[in-house]
1. Taking every pair of alpha-carbon atoms in the chain, what share in percent sits in each 5 Å bin, from 0 to the bin with the longest distance?
2. Note down, for segment 28-123, the three equivalent ellipsoid semi-axes (square root of 5 times each alpha carbon gyration tensor eigenvalue), biggest first, whole angstrom.
3. Applying the Karplus parametrisation 6.51 cos²θ - 1.76 cosθ + 1.60 with θ = phi - 60° to the phi angles of segment 211-220, what ³J(HN,Hα) value in whole Hz is obtained for each residue in order, glycine and proline being reported as x?
4. Counting only the backbone N, which residues of segment 152-168 are under 19 Å from the spot 7 Å out from the Cα of Ala5 toward its beta-carbon?
5. Check which residues have an amide H placed less than 5 Å from Gly54's amide H, if you skip close sequence neighbours.
6. Report Rg/Rh for segment 142-243, rounded to two decimals, where Rg is the Cα radius of gyration and Rh the Kirkwood radius.
7. Explain nothing, just the number: relative contact order of segment 1-70, from Cα pairs under 8 Å at least 6 residues apart, as a whole percent.
8. Quick one: Karplus J couplings for segment 122-135, per residue in order, coefficients 6.51, -1.76, 1.60, θ = phi - 60°, nearest Hz, x for Gly and Pro?
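Each value in this text was obtained by applying a stated rule to the coordinates, not by laboratory testing. If you're wondering where the values come from, they're calculated on a predicted model, not measured in any experiment. Heads up, the Cβs are rebuilt from the backbone with ideal geometry, glycines too, and the neighbour counts pull from every protein chain shown.
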Amino acid sequence: MRTYAPLTIVCDGCFSNLRKSLSAPKVESPSCFVGLILENCDLPHANHGHVILGDPSPILFYPISSTEVRCLVDVPGTKVPSVASGEMANYLKTVVAPQIPPQLHNAFMAAVEKRNIRTMQNKSMAANPVPTPGAILLGDAFNMRHPLTGGGMTVALSDIVLLHDLLRPLHDLNDAPALCNYLESFYTLRKPVSSTINTLAGALYKVFCASPDPARQEMREACFGYLSFGGICSYGPVSPLWS
C-alpha cells in the first residue's frame with residue numbers, strides 16, 4: 001500500500017538516505033568521538049558539563065544519571081585506533097588518562113577496562129538545499145556542525161519553530177509547486193540562528209584543539225581565559241547554543 005502526502009518533512013538524521021535527493025551535500029568528517037560511561041564518580045562541578053582542553057583535542061564529561069557520567073574523547077581525523085585489537089584501550093590509557101582530572105581518573109580507567117567503548121564519526125555539512133516540490137529537509141539530514149558545542153538540537157528546534165510559523169497560516173498544501181516557492185523563504189530566515197551556531201561550533205572546535213603553532217596556542221589560552229571570567233564573558237558566547 002502506498003500513502004501520499006502533500007508535504008513530506010524528511011529528518012532521518014546524519015546518515016540520511018534521502019539527503020542526496022533534496023540537497024547537494026558536501027559532508028566533512030573532522031574527527032571521531034570515542035564514548036565511555038563512567039560510574040560512581042563525582043564531577044569537579046556537579047550537574048555541569050566539562051570540557052577538558054586535551055592534547056590533541058577536547059575531552060567532554062557530562063552527567064547522564066545520578067551515578068553515571070558520559071565521557072566523549074575527540075580523536076581528530078577519520079580513523080581511530082581499533083577497539084577490537086585493544087589499540088583504542090591502549091590509546092585511552094596512555095594518551096588520554098594522564099589528562100583526566102584526578103577525581104575522574106579511577107572511574108575512567110575502570111570504564112576502559114570494561115572495553116564497552118563506542119565510536120562515532122563526527123560530521124559537518126553546510127546547508128545546500130535543492131528546493132523540491134512536496135518535500136523539505138530538517139535536522140542533521142539537512143545541516144550538521146561539529147557536536148562539541150551540542151548546537152545541533154538548538155538549530156533543529158529553531159528550524160521546527162520557523163517552519164511551523166510559515167505553514168501555520170496555510171489552509172491548503174496540495175499545490176506543491178506554489179508551496180515549494182513559498183517555503184524558499186525558510187532557507188533565508190533560518191540563517192541568523194543556524195549560521196551563528198554553525199560558525200561558533202566550528203571556530204570553538206578549532207581553537208580548542210591543540211596545535212604546535214604558537215599563535216594557535218595563544219588563541220586557545222586566550223579563549224579559555226575569556227570564558228573563565230564568567231558573567232557576560234561566558235554567557236554571551238554560550239547562550240546561542242542553549243536549546
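1. Binned Cα distances yield the sequence 1, 6, 12, 15, 15, 14, 12, 9, 7, 5, 3, 1, 0.
2. Gyration-tensor ellipsoid for segment 28-123: 21, 15, 12 Å.
3. Here the 3J(HN,Hα) series is 8, x, 6, x, 5, 5, 5, 5, 5, 4 Hz.
4. Counting only backbone N, you get 156-168.
5. Distant-sequence amide H within range of Gly54: Ile59.
6. On the Cα set of segment 142-243, Rg over Rh gives 1.15.
7. On the way: 47 pairs, mean separation 16.7, N = 70.
In percent, rounded to a whole number, it is 24.
8. Taking θ as phi minus 60°, the curve returns 7, 10, 9, 7, 5, 6, 9, x, 10, x, 10, x, x, 8 Hz for segment 122-135.
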